[in-house]
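The values are calculated or read from the model by the stated rules, or taken from the named source; none is laboratory data. Model, not experiment: these values are computed from the prediction. Because the Cβ atoms are built from the backbone with ideal geometry, glycine has one as well, and the counts that use them run over all protein chains shown.
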Amino acid sequence: MSTARAGGISLTVFVLAFVATFALESWRVQLGFEDGDNPEQSVSFIKQHGRIYEISGIVQILMTVALTVGSLAVAEVIGQSAPPLAVKSIAAFGLFSAAAYFLNGALRLAAARPLLYIDGLRHEWGVTAYLIVQMVGVQGFAQAGIVNFGLWALGVSLVNARIHLFPRALSLLGVFPAFHLFAGLFGPFLGTALDSLFMLYVLSIFGTVLWCFVLGILLVRWKPAA
């Protein structure tokens, strides 16, 4: 199997795993636990449906493996035409994103049962333990994964606009991860202005997933120039 094809399959798996994480969160909402930032509600959710919480961790670890292979494959493919420093820098952001998703996934997978044990000793401790996991995981590692993925996607899109290795549509779709990156970096400074862009922010999430899926398909079908 060629590097490009392996990378394309890996990015497709990454997209499917990313969608699966949203499906697991939707399942949680359907079960009546709609607020992941509510520690009382979330500890109760883990008590009743801890497997869902752990599975979401496993899925994010799978995302790590897929994105690692995918980003390295992209680096090798675009490295045939792009400046080496640009290729290495872009690949680094992809690997940083994969590492952040791994840490978030490992934290979820490893924390559920100790959290319940701590909660059994004293409920207030269990609530505090969940808040630590939530802030470090979702607000820390997951956000780092999103920002670095946006930098990786933006870098690939800009390089492609220069070397024209893939169709121009891929670079145009790069506007979605670019906006998602902008919102992630500068959202805290925009205040209520970001609320008016909420629908665009949601659209950028799906657009970023679409960008990754399109890149995966292009890699699967890619053939080196003769």
Would you call Gly145 part of a helix (DSSP H, G or I), within 21 Å of the chain's Cα centre (by Cα) and either surrounded by 15 or more Cβ atoms within 10 Å (Cβ to Cβ) or of a type in the set (Asp, Glu) (or both)?
-> yes
Scanning segment 171-189 for residues that are more than 11 Å from Thr208 (Cα to Cα) and crowded, with 16+ Cβ neighbours inside 10 Å, the one modelled with the lowest pLDDT turns out to be Gly184
Quick check: is even one residue across segment 104-125 of a type in the set (Asp, Glu), farther than 23 Å from Leu11 by Cα and in contact with a helix residue (DSSP H, G or I) (Cβ under 7 Å, 6 or more places away or on another chain)?
-> yes
In this structure, does Ala112 turn out to be at pLDDT below 90, surrounded by 15 or more Cβ atoms within 10 Å (Cβ to Cβ) and under 30 Å from Gly50 (Cβ atoms)?
-> yes
Does Phe45 satisfy being modelled with pLDDT of 90 or more and in a helix (DSSP H, G or I)?
-> no
Here the qualifying pairs (Cβ atoms under 9 Å; residues six or more apart or on different chains; first in segment 19-36 and more than 15 Å from Gln48 (Cβ to Cβ) and in contact (Cβ under 8 Å) with a residue 40 or more places away in the chain; second surrounded by 12 or more Cβ atoms within 10 Å (Cβ to Cβ) and of a type in the set (A, V, I, L, M)) come out as Val19/Val209; Thr21/Val59; Thr21/Met63
Could you check, for segment 44-59, whether at least one of its residues is under 26 Å from Arg122 (Cα atoms), touching a residue at least 60 places away in the same chain (Cβ under 8 Å) and crowded, with 18+ Cβ neighbours inside 10 Å?
-> yes
Residue within segment 26-40 that is among the hydrophobic types (A, V, I, L, M, F, W, C), in a helix (DSSP H, G or I) and at pLDDT 90 or above present | no
Flagged in segment 66-95 as in a helix (DSSP H, G or I), without any contact (Cβ under 8 Å) to a residue 12 or more places away in the chain and either in contact with a helix residue (DSSP H, G or I) (Cβ under 9 Å, 6 or more places away or on another chain) or of a type in the set (Asp, Glu) (or both), in numbering order, are Ala92
